[in-house]
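Please treat every number below as a calculation from the coordinates, not as lab data. Fair warning: this is a prediction, and the values are worked out from it, not measured in the lab. Don't worry about glycine lacking a Cβ; one is built from the backbone with ideal geometry, like all the others, and counts go over all protein chains shown.
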């Protein structure tokens, strides 16, 4: 396989996978015939993980919900698109990423696109969120704010990218050691 394809194009399969799985699951939840905020399923029958239907017209943790309506499209659609375009440009232009970091960036891009699709096509209701997890009072929260697969992809891949930025690859450790 061409090294450029393996290094730069193959990780974008994760982007496509995240977008597809995110939109399919959101579509299923959005079509489910129950009222929003009602429980669809208690996955483990103990309240730890519930599937519910909520909408978030803002960004993470409903940040920006109080912004004036004329500013919201710029803040929640245009600005994130610009950030994702820059990230895509840097993804292809830069040689600074390791192979694992490229996969992490691809997951971030997929999650970002998944939520932007909702912000554009599910307006004004907002992004479909459906994963509800018990948080046992940590940080004063009984339940973590409801989220979706795109959110999960962004958070997990950001954490992975962050960790890999501080742990040098083995070949660099051997070269310096």
As I understand it, the value is the acute angle between the Cα axis of helix 12-31 and the longest principal axis of the Cα atoms of the chain; what does it come to in degrees, rounded to 10? 0
Quote the FRET efficiency, to the nearest 0.05, computed for residue 94 versus residue 71 with a Förster distance R0 of 25 Å and r equal to the Cβ-Cβ distance. 0.20
For the Cα atoms of the chain, what angle does the longest principal axis make with the long axis of helix 149-166, in degrees from 0 to 90, nearest 10? 30
In deg cm²/dmol, rounded to 500, what helix-only [θ] at 222 nm does the chain give when every DSSP H run of at least 4 residues adds -39500 (n - 2.57) and the total is split over its residues? -15500 deg cm²/dmol
If the chain between residue 139 and residue 167 were fully extended at 0.36 nm per residue, the gain over the current Cα-Cα distance would be 7.2 nm
Using a basic spin-label model with each label point 7 Å from the Cα along Cα→Cβ, how many nm lie between residue 152 and residue 40? 1.2
Given the Cα-Cα distance of residue 123 and residue 10 and 0.36 nm per residue of separation, how much length would full extension add, in nm? 37.5 nm
From Cα pairs below 8 angstrom and at least 6 apart in sequence, can you work out the relative contact order of the chain, rounded to a whole percent? 29
Rg (one decimal) and Dmax (whole number) from the Cα set of the stretch 25-177, in Å, equal 18.3, 61
Arranged from highest to lowest average of other beta-carbon atoms within 10 Å per residue, in what order do the peptides 44-55, 12-23, 62-73 appear? 12-23, 44-55, 62-73
Order of 90-97, 110-117 by packing, highest average Cβ count within 10 Å first? 110-117, 90-97
What angle, in degrees between 0 and 90 and rounded to the nearest 10, separates the Cα long axis of helix 99-121 from the longest principal axis of the Cα atoms of the chain? 30
Rg(Cα) of the stretch 6-103 divided by 2.2 N^0.38 Å? 1.43
Cα centroid of the stretch 1-74 to Cα centroid of the stretch 95-130, whole Å: 9
